[in-house]
Amino acid sequence: MAKKESENKTTVRVGISETSQELHFEVSLEATKVVALAQESINNGKTLEFTDIKDRVILIPAAKISYIEIGDTTDQKVGFTAL
């Protein structure tokens with residue numbers, strides 16, 4: 001069964017030039033769509049805009065992007081088990 005677009009989650013990490021900090025957020029888009037948006041922004045020098053899964057708008061000037069890491073989110077289970 002195929003996932004609905006609203007169920008897709010992609011993790012995005014963006015390195016910002018002139019700082020050691022990075023932005024880390026999840027979006028409800030497929031990774032290929034995120035790549036396309038990033039490439040368009042960088043090639044045209046436009047501001048990169050995302051809305052994350054918490055409905056926050058993230059704006060990143062293309063000139064300040066040093067790298068972008070894009071990957072699908074997998075459910076990571078953390079917990080304790082009895083031995």
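Please treat every number below as a calculation from the coordinates, not as lab data. Here the structure is a predicted model, which is why all the values come from computation and not from measurement. Here the Cβ positions follow ideal geometry from the backbone for every residue, glycine too, while neighbour counts run over all protein chains shown.
A few remarks follow.
- Positive-end extreme of charge dipole, the stretch 5-72 - chosen from 44, 27, 58 (charges on Cβ): 44
- When the P(r) of the stretch 5-72 is calculated, the portion above 15 Å amounts to 48% of the C-alpha pairs.
- Under 16 Å from a label point set 7 Å out along the Cα-to-Cβ vector of residue 24, the amide N atoms of the stretch 48-66 belong to 53.
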